1. Scan the helices (runs of 4 or more DSSP H) fully inside segment 276-373 and keep the ones with 2 or more residues being within 57 Å of the chain's Cα centre (by Cα), surrounded by 14 or more Cβ atoms within 10 Å (Cβ to Cβ) and among the aliphatic types (A, V, I, L, M).
2. Any idea which of (1) among the β-branched types (Val, Ile, Thr); (2) in contact with a helix residue (DSSP H, G or I) (Cβ under 6 Å, 6 or more places away or on another chain); (3) not in a strand (DSSP E or B) is the one VAL478 doesn't satisfy?
3. Looking at (1) touching a residue at least 24 places away in the same chain (Cβ under 8 Å); (2) in contact with a helix residue (DSSP H, G or I) (Cβ under 9 Å, 6 or more places away or on another chain); (3) farther than 25 Å from CYS704 by Cα, which is the one condition that is false for LEU555?
4. Answer yes or no: is there a residue in segment 144-158 that is surrounded by 21 or more Cβ atoms within 10 Å (Cβ to Cβ), closer than 24 Å to ALA369 by Cα and among the basic types (Lys, Arg).
5. Would you call ALA644 among the small types (Gly, Ala, Ser), outside any loop (DSSP other than H, G, I, E, B), crowded, with 18+ Cβ neighbours inside 10 Å and modelled with pLDDT under 80?
6. Could you pull out the residue among LEU732, LEU654, LEU706 that is at pLDDT below 85, surrounded by fewer than 20 Cβ atoms within 10 Å (Cβ to Cβ) and in contact with a Phe, Trp or Tyr (Cβ under 8 Å, 6 or more places away or on another chain)?
7. Pick from segment 22-41 the residues that are more than 17 Å from SER312 (Cβ to Cβ) and of a type in the set (Val, Ile, Thr): which of them is surrounded by the most Cβ atoms within 10 Å (Cβ to Cβ)?
8. Would you be able to say whether some residue in segment 570-591 is surrounded by fewer than 20 Cβ atoms within 10 Å (Cβ to Cβ), under 49 Å from the mean Cα position of the chain (by Cα) and assigned to a loop (DSSP other than H, G, I, E, B)?
Amino acid sequence: MDGDYVIGGVFSIHYYMHTVKHNYTTMPEPISCAGSIDSRGLRFSRAMVFAIEQINNSTELLPGIKLGYEIYDTCASVSVAVHVAFQLSGGLDPVFNTGDKCSKSGMVMGIVGTSGSTSSISMSRIIGPFNIPQVSHFATCACLSDKQQYPSFFRTIPSDQFQADALAKLVKHFGWTWIGAVRSDSDYGNNGMASFLHAARKEGICVEYSESFSRTHPRSRIQRVADVIRRSTAKVVVAFIPTGDMRILLEELSSKPSPPRQWIGSEAWVTDPDMLRFSFLAGAIGFGIEKSVIPGLRDFLLDLSPSKVADSPLLTMFWEEAFNCRLVKRQVGEATDRSVCDGTEYIKTLQSSYTDTSQLRITNMAYKAVYAIAHAIHNAVCQKTDSTTQCDKFTKLEAREVLNQLKKVNFSQNGYDVSFDANGDPVATYELVNWQRNESGSIELVTVGQYDSSLPVGQEFLINRNLTWVEGGTQVPVSVCTDICPSGTRKVLQKGKPICCYDCTPCPEGEISNTTDSFDCFPCPKEFWPNAERDTCLPKPVEFLSFNEPLGIVLATFSIGGACLTIITAAVFYRHRSSPIVRANNSELSFLLLISLTLCFLCSLTFIGAPSEWSCMLRHTAFGNTFVLCMSCVLGKTIVVLTAFRATLPGSNLMKWFGPSQQRLTVVSFTFIQVLICTIWLVLSPPFPMKNLTTYKERIILECALGSALGFWAVLGYIGLLAVFCFVLAVLARKLPNNFNEAKLITFSMLIFCAVWITFIPAYVSSPGKYTVAVEIFAILASSFGLITCIFAPKCFIILFKPEKNTKKYLMSRGL
């Protein structure tokens, strides 16, 4: 249609281009399209015509100016798009079907289209040097935002960069980390998929395969892609493919049953009503351009009478395909399998993408593109004076001026805002659409959410309705390479596979992971230990030799029993203190020895129970001093025996040098040395309670640290020195001729004492935890029982059961 200013339109109305084999001997035939008509593409072109008619009838936008249009079909072919670009830029004379109503201008003011990214790239490179603005309604490749390469390109549809980010967030939202990816081998598919894969990697999503194809490839190539999809383990497939290519792939997949897959689609195909016939895609989700309402468009589309249709070869072809009849009679001899249309054809009853205006998405993008160019022309040729707008249709307008004005447009049409950023892109808003079966069993597009890139990070994505998944499921399908690693385990990557493929191994000893799919385990604090599941740190159980446990009860019983036995022995000796056997064995030292043994038995109780600062100091010093007192008494008794025997020899006066006073002084002196050692130990580095965290990793041992190991071994060594001295003297006195030779009893007791404490040292060093304390208590009790048994048991036996031997005569007799 002619006009004061002409706008170009470029749409893919046919699916294919007629292939011509050139013989280079004759002039090639004009390029022509082949195949059936894309009803959706036809609707886009008719929407442009509708918008121009609205503008021409408007009193506010371009009043008094008539816009014309030149609309071309690219046949979904880049070569045709290039040819059209030269025509629109004035390189070739325009060809019209209406004959005498053609515009004489060689260049359009702006171009709406094309319908694909690759063809838009080709066109933009041609018309860019002429500064002709191009506003695409369907070219989404992010590469077109590069103003260095495409300075005159604009679009009303968002860039694939926004869609790729939104799809990656969508996949992550549903927990899919193992997906397949297919794309068309074109600028749209390759760039869109590259952007998606980049965003997916940031979200931790792995891709099992990434396949590309084109509908121009051999069928074997498309079959191979279909087989990859069928054999894959990924349950989710992301497809960045335009409608034409997607149709070829789906036809191949439908020819042979394949496992169910959850399809995630780009807006190029997921909102195309023609795709809904592939029922195995039910449950597919993807982002589409927002649904819109264009008042009056449906009536305009349906306002087709046979006479109007006959004036346009394109509409004629559409009519004949839709109703399977022919409008005009063919020439004689021309083959046809269609009957002549009889006039009963009624377009309002036609079920076609052309007549379906319930899902106006891309149509609105073409509609807005026309208005954007019109507003740019308006701003260039019109001036507002007071309340009226004056436009000069005779203004010689250059495409460069329209281009400059297009960068500034900002208006609202039917409630939809239109503006462009510095890259020529609009604000990215999408609807999340889901293919759901309705009550009748057919598939329909249902809007279940929104995505708005202008909102703050984390708030762009919103789902407000329930989704239907593959095969009509209501549960989100699972698509992971490896199941989620539970708490208490960590992920170990499988060699040669993506990061989403891993093994779940339990956390090492002492470490936990309290989240699922953790790459690392973390050690518990010092005083904590993991539970059995290794997902929580619990306080370590505290362990010490307690009065409540069997071992503690047994040792305490023997300790108290030993003390009671010693007290009973002392009572027996006190009851028979005047008897010869008691008097003959130095009753004073015997009673002192019994007192010290009682203390030895009782001091073992200080080793049982939770260590405290006072108990740690008391247990070692009490043990050291009582045993030295005991050894001093035994040593005194041994010296008394030797002295008494030597004193019976003629001329001996030893007894006056080791009388009772000297015996007491000996005991006090030897004991004082031990008291002095203990005092120095307590002053310089006393024992103290500590938590032993090294012996056992899983529990805490409460024990007494020695403070100074030198002090402990000095105390123990001094006791050992006295014991060895006693043992040597007792051995020397063991053959003294006496019917009751106490030296033999002391020898046996010292032999037991030394054996116990010699074996104590390696056992003490090697025993872990509370058993160290148990070993020490055992040594105390064993040596104490050895002393009381060897020294006092025979005497008590004679006193209680052999009183006839408890006489001076018997004791003085020579013999064994």
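1. Values: elements: 297-302, 306-310, 313-323.
Answer list for segment 276-373: 297-302, 313-323.
2. With respect to (1) among the β-branched types (Val, Ile, Thr); (2) in contact with a helix residue (DSSP H, G or I) (Cβ under 6 Å, 6 or more places away or on another chain); (3) not in a strand (DSSP E or B), VAL478 is out only on (2).
3. (3)
4. yes
5. Numbers: among the small types (Gly, Ala, Ser): yes; outside any loop (DSSP other than H, G, I, E, B): yes; crowded, with 18+ Cβ neighbours inside 10 Å: yes; modelled with pLDDT under 80: yes.
So ALA644 passes the test.
6. Numbers: LEU732 fails: in contact with a Phe, Trp or Tyr (Cβ under 8 Å, 6 or more places away or on another chain); LEU654 fails: in contact with a Phe, Trp or Tyr (Cβ under 8 Å, 6 or more places away or on another chain).
Only one candidate qualifies: LEU706.
7. Only one residue fits best here, namely ILE31.
8. Checking segment 570-591: not a single residue is surrounded by fewer than 20 Cβ atoms within 10 Å (Cβ to Cβ), under 49 Å from the mean Cα position of the chain (by Cα) and assigned to a loop (DSSP other than H, G, I, E, B).
The values are calculated or read from the model by the stated rules, or taken from the named source; none is laboratory data. What you see is a predicted model, and the numbers here were worked out from it, not measured in a lab. Neighbour counts run over all protein chains shown; Cβ positions are idealised from the backbone, glycine included.
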